[in-house]
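The values are calculated or read from the model by the stated rules, or taken from the named source; none is laboratory data. In this text, all values refer to a predicted model and were calculated from it rather than measured experimentally. In this analysis, Cβ positions are derived from the backbone assuming ideal geometry, glycine residues included, and neighbour counts consider all displayed protein chains.
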Amino acid sequence: MLGVPYTLTTDEEAFAASELPKISYAYNPVGNELFFQAKNLLFETGINEQNISVIDWENTKAFFSTGKKSVLPFDPFAASFFLLSRYEECLPHIRDNYDRFEAKESIAYQQDFLKKPVINIWVKKIKELLKERFPSLKFKENSYQYLSTIDIDNAYAFKRKGLLRTVGAFGKDILSFNMPQLKERIKVLAGALQDPYDTYDYQFSLQEKYKFRPLYFFLLADYDVNDKNVPYHNRKFQSLIKSIADRADVGIHPSFNSNKIADKVETEIDRLSDIVHREITKSRQHFLILHFPKTYRNLIDLDITDEYSMGYAQETGFRAGICTPFNYYDLDLETATKLIIHPFTVMDATLKYYMKFTPDEAIEHVKQMVQEVKAVDGTFISLWHNETLSEKDQWQGWRKVYEETIKAATA
């Protein structure tokens, strides 16, 4: 992250004799170098329960505390590895109704540092220590970035669903006496009213106004209870995808059951690739369902290079303790992979359904999270859905939240 070239050595004599800027990462210092006392984690193999005590440190939190000789009161390398590898998600834990690791199970939530990109903060401090000790060192200049991502789980509320689903929907409206929705459905299908989930012109207008390039993820699954998008073979839906792909980057949104049936992801990737006539290398899991290491291994095998599911449905913040893309490390295989993980910070459904914010409260919270990322020159990634921009029913007032998010993030 600092962009400093380095060489590793385990030769203490050569290290002691070197006149280069140097740090040691060990149990004890070698000489008068910048010494970071190591805890056991990075010298272990396998996945084991860790004894973690969290300390308050310079307006944030840290863990794997060390002795007084260490330049920091904790081991930033072991702590960073623990968070980035999602070590705790590979230990026994309770999963929610959608088979997800819950935010409340994480050390970051339990110790109240989920809203802080602690690794970026630690890196910033290490940079200061290195500059002070070795003024000749040159560092890479990082700059804050913003990425708006949109999941298309359901491209239209009423249109393009096919005859059987449309007839069934009419029957459901009638049997439940939902006359307002029945009337709206009839008007939309008759062409007298725009489909409420058709918010794409609005999205394009914001893209033009604030000069950003978003990333869209399309659900192209076979119909299922948790996969209810427009049929992938619908020509109008394919035309919409092509139109969006002309204006934005696109990726696959692997279906709810894709973690259970690996071949599904390959099929869905092929569908999107055939529609847009380009290789698909970006992905985000539907419902944010991640199983370590199974999910990521499957994506790697399918030549996915960039993954965007690293965040919680239940809470905003920094699931991996960071707001900078990083390479996934496979704990079982003890190896770094080429898969780049892009952690997101806020999601529309999290703000409304889990955190119970009003639109105005959501705006203020998002602005605070943007400032956390800007303070460390990280990348702020937001997750939104086309239907939450509909101003329909429970989503009234939430267009303003999205635009204020973009305004704060691009300022």
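Name the pairs: first residue in the stretch 30-47 and part of a loop (DSSP other than H, G, I, E, B), second residue among the charged types (D, E, K, R) and surrounded by fewer than 13 Cβ atoms within 10 Å (Cβ to Cβ), Cβ to Cβ under 8 Å, at least 6 apart or on different chains?
What qualifies is 30/12; 45/334; 47/332.
Only one of 101, 63, 35 is of a type outside the set (Gly, Ala, Ser), in contact with a His (Cβ under 7 Å, 6 or more places away or on another chain) and crowded, with 17+ Cβ neighbours inside 10 Å; which?
Among 101, 63, 35, only 101 is of a type outside the set (Gly, Ala, Ser), in contact with a His (Cβ under 7 Å, 6 or more places away or on another chain) and crowded, with 17+ Cβ neighbours inside 10 Å.
Can you report the number of residues in the stretch 73-98 which are among the hydrophobic types (A, V, I, L, M, F, W, C), surrounded by fewer than 19 Cβ atoms within 10 Å (Cβ to Cβ) and at pLDDT 95 or above?
4
List pairs: first in the stretch 375-401 and among the charged types (D, E, K, R), second crowded, with 22+ Cβ neighbours inside 10 Å, Cβ under 7 Å, 6+ apart or cross-chain?
Hits for this filter: 387/197; 399/389.
Which residue is surrounded by the most Cβ atoms within 10 Å (Cβ to Cβ), if the candidates are limited to the stretch 347-361 and must be within 9 Å of residue 314 (Cα to Cα) and touching a residue at least 40 places away in the same chain (Cβ under 8 Å)?
351
Out of the residues in the stretch 274-290 that are surrounded by fewer than 23 Cβ atoms within 10 Å (Cβ to Cβ) and free of Cβ contacts under 8 Å to residues at least 60 places away in the same chain, state the one that is nearest to residue 237 (Cα to Cα).
Checked the stretch 274-290; the qualifying residue nearest to residue 237 (Cα to Cα) is 275.
I'd like the residue in the stretch 313-340 that is among the β-branched types (Val, Ile, Thr) and without any contact (Cβ under 8 Å) to a residue 40 or more places away in the chain and, out of all such residues, is nearest to residue 115 (Cα to Cα).
Taking the candidates together, the pick is 340.
Please find, among 14, 62, 79, the residue that is in a helix (DSSP H, G or I) and in contact (Cβ under 8 Å) with a residue 24 or more places away in the chain.
Criteria check complete, one pass: 79.
For the stretch 4-20, which positions are small (Gly, Ala, Ser) and loosely packed, with under 10 Cβ neighbours inside 10 Å?
Within the stretch 4-20, 14, 17 qualify.
Go over the candidates 264, 338 one by one and state the one that is under 27 Å from residue 107 (Cα atoms) and assigned by TED's automatic domain parsing to the domain that holds residue 355.
Testing whether each residue is under 27 Å from residue 107 (Cα atoms) and assigned by TED's automatic domain parsing to the domain that holds residue 355 leaves just 338.
Just name the residue that is nearest to residue 151 (Cα to Cα) out of those in the stretch 291-316 that are out of contact with any Cys (no Cβ under 9 Å at 6 or more places or on another chain), surrounded by fewer than 21 Cβ atoms within 10 Å (Cβ to Cβ) and of a type in the set (A, V, I, L, M, F, W, C).
Top of the filtered list is 313.
When both residues are 6+ apart or on different chains and their Cβ atoms are under 7 Å apart, which pairs have a first residue that lies in the stretch 105-123 and is over 19 Å from residue 380 (Cβ atoms), and a second that is surrounded by fewer than 23 Cβ atoms within 10 Å (Cβ to Cβ) and among the β-branched types (Val, Ile, Thr)?
Cβ pairs passing all conditions: 105/94; 107/52; 111/54.
What helices (runs of 4 or more DSSP H), lying completely within the stretch 132-242, carry at least 3 residues that are surrounded by fewer than 17 Cβ atoms within 10 Å (Cβ to Cβ) and modelled with pLDDT under 95?
It comes to 163-175, 179-189.
Could you tell me whether residue 216 is in contact with a helix residue (DSSP H, G or I) (Cβ under 7 Å, 6 or more places away or on another chain) and within 17 Å of residue 390 (Cβ to Cβ)?
yes
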